[in-house]
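Asks: Let me begin by handing over the structure; questions about it come next.
We did not get these values from a lab; they are worked out from the coordinates using the rules stated. These numbers come from a predicted model, not from an experiment. Every residue, glycine as well, gets a Cβ built from its backbone with ideal geometry; the counts of neighbours run over all protein chains shown.
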Amino acid sequence: MVIVQHYAHSAKHYAEAPFPGRFFALPDRCPHPDCRAAGALIRWGTYERGARTSLQVYRIRVQRIRCKACGRTHSLLPDFLHPHRHYVMSLLQCVVSLYLLAGLGINRLMERLIGQGPVRSTVREWIASFAYGAGELLFDLLLRSLTRVEPLGELPDTPPPAHLHRVPSRAKRRRLERAHRFWQLAEHLYAQAKVRLPRLHFTIDQLLSFVLHWLQREGVPPRLFWSVRLTTTPTGPF
């Protein structure tokens, strides 16, 4: 699976266009770490999947590619989608930011969601999965990346909202507080990338899409929401 940037970052625009996936450029090398063959990728059909917003479910076609060297197949996934979630990235970002940054508890957060959005249990799972991914697995990786980009720079460290201090589990509270700082550091990384790459274009509601691209460049799975209930979820940081 390869995360690719879609010009509109929108499920609606993608679904209504004459299959924009066919215009995505093929990666230079095979994405599989055991192959990495150059110039060996070809288009290999498509598959359909859903992209759910708070108002509608869009059916979109995803371009599949195949490596002629190793025979493995991959997909070119537009960056408004998370690889393992049905809901679009902008809605995932909205929910997590309301909780981590705006300081809304679950009850007030649910009141802000419109349409046929996620149910309470799904919202709780998103927050817990992001806390584990950003606060446990990816936090140190982001710090190392920022140190390389800006060795002597002062990194942001705004205190987390007060309601996080009331989380009874010490382990969960630590993850949430680190996930809060991860968000600040990700914004700082984007600011640094923007200085170096003026044509880089992500709007404020596409920060997590930007982070997916960064993770891919770092050579780790481009995935932010890691469910601790799955046996395939890593147990140690990257």
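Asks: Would you work out if segment 56-173 is rounded, prolate or oblate? Take a ≥ b ≥ c from the square roots of the eigenvalues of the alpha-carbon gyration tensor; rounded if a/c is under 1.5, else prolate when a/b is larger than b/c, oblate otherwise.
Replies: oblate
Asks: Another question, then. For LYS194, which lysines qualify as cross-link partners when the Cα separation must be under 27 Å and same-chain residues fewer than eight apart are set aside?
Replies: LYS12
Asks: Something else: Multiply the residue separation of GLU218 and ARG112 by 0.36 nm, subtract the distance between their alpha-carbon atoms, and state the gained length in nm to one decimal. The partial results should precede the final answer.
Replies: Details: separation 106, 0.36 × 106 = 38.16 nm, distance 3.46 nm.
Between GLU218 and ARG112, full extension yields an extra 34.7 nm.
Asks: For SER75, enumerate residues with amide H under 5 Å from its amide H, sequence gap 5+ or separate chain, H modeled in the peptide plane.
Replies: VAL2, ILE65
Asks: Still on this structure, I have one more. Hey, what do the phi angles of segment 177-194 turn into as Karplus ³J(HN,Hα) couplings, whole Hz, using 6.51/-1.76/1.60 and θ = phi - 60°, x for Gly and Pro?
Replies: So the Karplus estimates, Gly and Pro as x, are 5, 5, 5, 4, 5, 3, 4, 4, 5, 5, 4, 5, 4, 4, 4, 5, 5, 5 Hz.
Asks: How much of the DSSP bridge set in segment 2-78 is antiparallel, in percent, rounded to the nearest 5? The partial results should precede the final answer.
Replies: Details: 15 of 18 bridges.
Antiparallel: roughly 85 percent of the beta bridges in segment 2-78.
Asks: Please compute the Cα-Cα pair-distance distribution of the chain with 5 Å bins starting at 0, giving whole percents from short to long.
Replies: It works out to 1, 6, 13, 16, 19, 17, 14, 8, 4, 2, 0, in whole percents.
Asks: Oh, and also: Would you please give the residues with an amide H less than 5 Å from that of THR46, counting only those at least 5 places away or on a separate chain, with H modeled from the backbone geometry?
Replies: The list, which skips near neighbours in sequence, is ARG64.
Asks: Can I ask one more? Can you compute the radius of gyration and Dmax for segment 91-131, using only the Cα atoms, both in Å?
Replies: 9.0, 25
Asks: If you take the square roots of the eigenvalues of the alpha-carbon gyration tensor of segment 146-194 and sort them as a ≥ b ≥ c, do you get rounded (a/c under 1.5), prolate (a/b over b/c) or oblate?
Replies: Judged from the Cα gyration tensor, segment 146-194 comes out prolate (a/c at least 1.5, a/b above b/c).
Asks: Report the antiparallel proportion of the DSSP beta bridges in the chain as a percent, rounded to a multiple of 5.
Replies: 80 percent
Asks: Another one. Can you give the helix-only mean residue ellipticity at 222 nm for the chain, where every DSSP H stretch with n ≥ 4 adds -39500 (n - 2.57) and the sum goes over all residues, rounded to the nearest 500 deg cm²/dmol?
Replies: -11500 deg cm²/dmol
Asks: Sticking with this structure for a sec: How many nm is it between the label spots at THR235 and ARG64, if each spot is 7 Å from the Cα in line with the beta carbon?
Replies: Each label point lies 7 Å from its Cα, and together they span 3.4 nm.
Asks: Going through segment 65-161, which GluC sites (Glu not before Pro) have at most 15 other Cβ atoms within 10 Å and a DSSP loop state? The partial results should precede the final answer.
Replies: On the way: sites: GLU111, GLU125, GLU136, GLU154; in loops: GLU154.
Passing sites in segment 65-161 are GLU154.
Asks: Angle, helix 139-149 long axis vs. longest principal axis of the chain, Cα atoms, 0 to 90°, nearest 10?
Replies: Taking the Cα atoms of the chain, the angle to 139-149 is about 70 degrees.
Asks: Continuing with this model, one more query. Would you kindly derive the ³J(HN,Hα) couplings of segment 26-38 from the backbone phi angles with the Karplus curve 6.51 cos²θ - 1.76 cosθ + 1.60 (θ = phi - 60°), listing them in order in whole Hz, with x for Gly and Pro?
Replies: 6, x, 5, 10, 4, x, 6, x, 8, 10, 6, 5, 8
Asks: Okay, moving on. Out of segment 90-197, which trypsin sites (Lys or Arg not before Pro) are coil in DSSP terms and have no more than 16 other C-beta atoms within 10 Å? Present the calculation step by step, with values, prior to reporting the outcome.
Replies: Working: sites: ARG108, ARG112, ARG120, ARG124, ARG144, ARG148, ARG166, ARG170, LYS172, ARG173, ARG174, ARG175, ARG178, ARG181, LYS194, ARG196; in loops: none.
Taking segment 90-197 and a limit of 16 other Cβ atoms within 10 Å, no loop trypsin sites (Lys or Arg not before Pro) are found.
Asks: Moving on to the next point. Return TYR99, TYR132, TYR47 ranked ascending by Cβ neighbour count within 10 Å, so the fewest neighbours appear first. Display every interim value, and only then the final one.
Replies: On the way: TYR99 26, TYR132 22, TYR47 10.
Starting with the residue having the fewest Cβ neighbours, the order is TYR47, TYR132, TYR99.
Asks: Which of the cysteines in the chain are isolated, no other cysteine C-beta under 4.7 Å?
Replies: CYS94
Asks: On full extension of the chain, what length is gained from ARG144 through GLU125, given 0.36 nm per residue of separation minus the C-alpha to C-alpha distance?
Replies: 4.1 nm
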